[in-house]
Amino acid sequence: MKQSKLFSKTKKELSEDVEAASHKWLLKGDFIDQLSSGIYSFLPLGWRVHQKIENLIREEMNKIGAQEVFLPSLQPKQLWEETDRWGNMAPPLFKLEDQHEREYALGSTHEEVITDLARKRIESYRDLPQAVFQIQNKFRNEVRATGGLLRTREFMMKDLYSFHATEKSLDNYYQKVKKAYFRIFDSCNLNAVAVEAESGSIGGSKSEEFMIESPSGEDEVLICKNCNFGANTEKVGELNECPECGAELEHKNCIEEAHAFYLGDKYSSEMGATFTDKNGEEEPLLMGCYGIGVGRLMATIVEVSHDDKGIIWPMRVAPFQVHLLQLGDDKKVEKTAKKVTKSLQEAGIEVLYDDRDKSAGEKFADADLIGIPYRLVVSEKSLEEDSVEVKMRVEDETELISTGKIAEEIENRIK
RNA sequence: CGGAGCGUAGCCUAGCGGUUUAAGGCGCGUGCUUUGGGAGCACGAGAUCGCCGGUUCAAAUCCGGCCGCUCCGACCA
């Protein structure tokens, strides 16, 4: 991609109103644009990151046997009345009417829709277990949106729902999901702890929140210095030491990144989603549901991974893998920059090629801001050595790699 | 929804009753000079000062209403 043609344009100045680090950097780098309170457009750079995160999540969902679906945002009132949630959601539903004055909600979650699907096709214990997920827009009538992408009123969520014949099966799958979640956070270079939580308006018997340590987090969590134990401070009051390993506990601000619920038969009972068990008895389905906010995850990565110059994207979710800067408009430099870009692309590497007629300083500043993992520089200086200068966003040192070997070398390093 | 604050050019800000033409920076256009850490000079385009009403000889500036946005509180992925 030529940067001169990129729709996104970095900003030098930002409103003094912007406070959260992720909000600031995502706006400065022009990853996102605010349309209204809590409502954001994703621009090319931002959308590439968003899609990388989606694909990472999608991969992990596939690994645990979940099947991808896509459910409607427009959901009829009657469905929500079956579970008595039409007027009882917190935050409330966005509601609207069609031309026949029929009422709908814009889905803030999809338990009703998925349970309806399940009751239409799951009939026997032989059909179980099942797990389906989607990555789709959610609408939540939040009282107050905050911190850019950290809490919005429209956002993409990966929501997974599982159906089981037995508690054991549900528990077994729940643990699998939990492991998949930790793998997802690992791939984003985030440390997560699972803490027991209130089930809120989703309900069910038990739930856990997946918390990521970050100064701009709104939740206070007690985290063990030694093991992976975490607990919500409101939930447990004051603990003095870790109940798992006895080590010291620390208070940390965290962002709630994901939430998993043992729904049990809450929705299936209310909506008549049953199956016939081995003994020929009709039983309600046992359900679990598991959500990750994609935009919030993107913001969290930035909260945790940035410096005073900009974002530092982990390779897995970076908008491009290589940012190639061409310095000066010397013909030979330009020719080499194009050639190197092409050879990288042919090796399957995603390259943002800064071909703009801008000063070196501005290009360096933009590269730091956008935060692509590898920065390559082609200039008269580098050509004197018949080389390309290579620097990683996380490192300070640069090195020279021969122009002929650059594609192969970068390809190897990225793997 | 309670509390606080803010709306001036595409963006960031200054001005907060009276230099009459609303100021500066960024960005944008044209030309020249530059090119390893947000370059320089010159010229130029770009604003019904959020909207409506009121006070006044005079309103971006004071008052009221509305709209929008931000932050703190409660809630969430």
Does the range A:98-131 hold any residues that are in contact with a Ser or Thr (Cβ under 8 Å, 6 or more places away or on another chain), farther than 15 Å from A:Glu270 by Cβ and open to solvent by 10 Å² or more (accessible area, probe 1.4 Å), and which are they? A:Leu106, A:Glu123, A:Ser124, A:Tyr125, A:Leu128, A:Pro129, A:Gln130
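If you go through the range A:100-143, how many residues are among the charged types (D, E, K, R), assigned to a strand (DSSP E or B) and within 26 Å of the chain's Cα centre (by Cα)?
First, pick out the residues of the range A:100-143 that are among the charged types (D, E, K, R): A:101-103, A:111-112, A:116, A:119-121, A:123, A:126-127, A:138, A:140, A:142.
Narrowing further to those that are assigned to a strand (DSSP E or B): A:103, A:138.
With within 26 Å of the chain's Cα centre (by Cα) added as a condition, the list becomes A:138.
Of the residues in the range A:100-143, 1 are among the charged types (D, E, K, R), assigned to a strand (DSSP E or B) and within 26 Å of the chain's Cα centre (by Cα).
Taking the condition away from RNA strand B (no atom under 15 Å from the Cβ) and either at positive phi or out of contact with any strand residue (DSSP E or B) (no Cβ under 6 Å at 6 or more places or on another chain) (or both), does A:Arg102 pass? Break it down stepwise before answering.
Numbers: away from RNA strand B (no atom under 15 Å from the Cβ): yes; either at positive phi or out of contact with any strand residue (DSSP E or B) (no Cβ under 6 Å at 6 or more places or on another chain) (or both): yes.
Answer is yes for this residue.
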Looking only at the range A:277-291, decide whether some residue is open to solvent by 60 Å² or more (accessible area, probe 1.4 Å), in contact (Cβ under 8 Å) with a residue 60 or more places away in the chain, more than 9 Å from RNA strand B (Cβ to nearest atom) and assigned to a strand (DSSP E or B). yes
Within the range A:45-67, residues being surrounded by fewer than 16 Cβ atoms within 10 Å (Cβ to Cβ) and either in contact with a helix residue (DSSP H, G or I) (Cβ under 7 Å, 6 or more places away or on another chain) or at pLDDT below 95 (or both) number 1
Please specify each residue of the range A:371-415 satisfying the condition of being within 17 Å of A:Lys309 (Cα to Cα) and not β-branched (Val, Ile, Thr). A:Gly371, A:Pro373, A:Tyr374, A:Arg375, A:Lys391, A:Met392, A:Arg393, A:Glu395, A:Asp396, A:Glu397
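Would the range A:318-328 turn up any residue that is closer than 30 Å to A:Glu209 by Cα and either within 14 Å of RNA strand B (Cβ to nearest atom) or of a type in the set (A, V, I, L, M) (or both)? Don't jump to the end; show me each part of the working.
Our first condition is that a residue be closer than 30 Å to A:Glu209 by Cα; within the range A:318-328, this holds for A:318-319.
Right, trim to either within 14 Å of RNA strand B (Cβ to nearest atom) or of a type in the set (A, V, I, L, M) (or both) and you get A:318.
Yes, because at least one residue in the range A:318-328 is closer than 30 Å to A:Glu209 by Cα and either within 14 Å of RNA strand B (Cβ to nearest atom) or of a type in the set (A, V, I, L, M) (or both).
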From A:Asp159, A:Asp219, A:Asp171, residue being away from RNA strand B (no atom under 14 Å from the Cβ) and either modelled with pLDDT of 85 or more or among the hydrophobic types (A, V, I, L, M, F, W, C) (or both): A:Asp171
Across the range A:354-383, which residue is surrounded by the most Cβ atoms within 10 Å (Cβ to Cβ) among those that are in contact with a strand residue (DSSP E or B) (Cβ under 6 Å, 6 or more places away or on another chain), among the hydrophobic types (A, V, I, L, M, F, W, C) and not in a loop (DSSP other than H, G, I, E, B)? A:Val378
Does at least one position in the range A:7-18 carry a residue that is open to solvent by less than 20 Å² (accessible area, probe 1.4 Å) and modelled with pLDDT of 95 or more? no
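The values are calculated or read from the model by the stated rules, or taken from the named source; none is laboratory data. Quantities reported herein were computed from a predicted structural model and do not represent experimental measurements. Ideal geometry is used to build each Cβ from the backbone, glycine not excepted, and the neighbour counts take in all protein chains shown. Please note that ligands, DNA and RNA were not included when accessible areas were found on the heavy atoms of the full protein model with its side chains. Shrake-Rupley method; radii C 1.70, N 1.55, O 1.52, S 1.80 Å.
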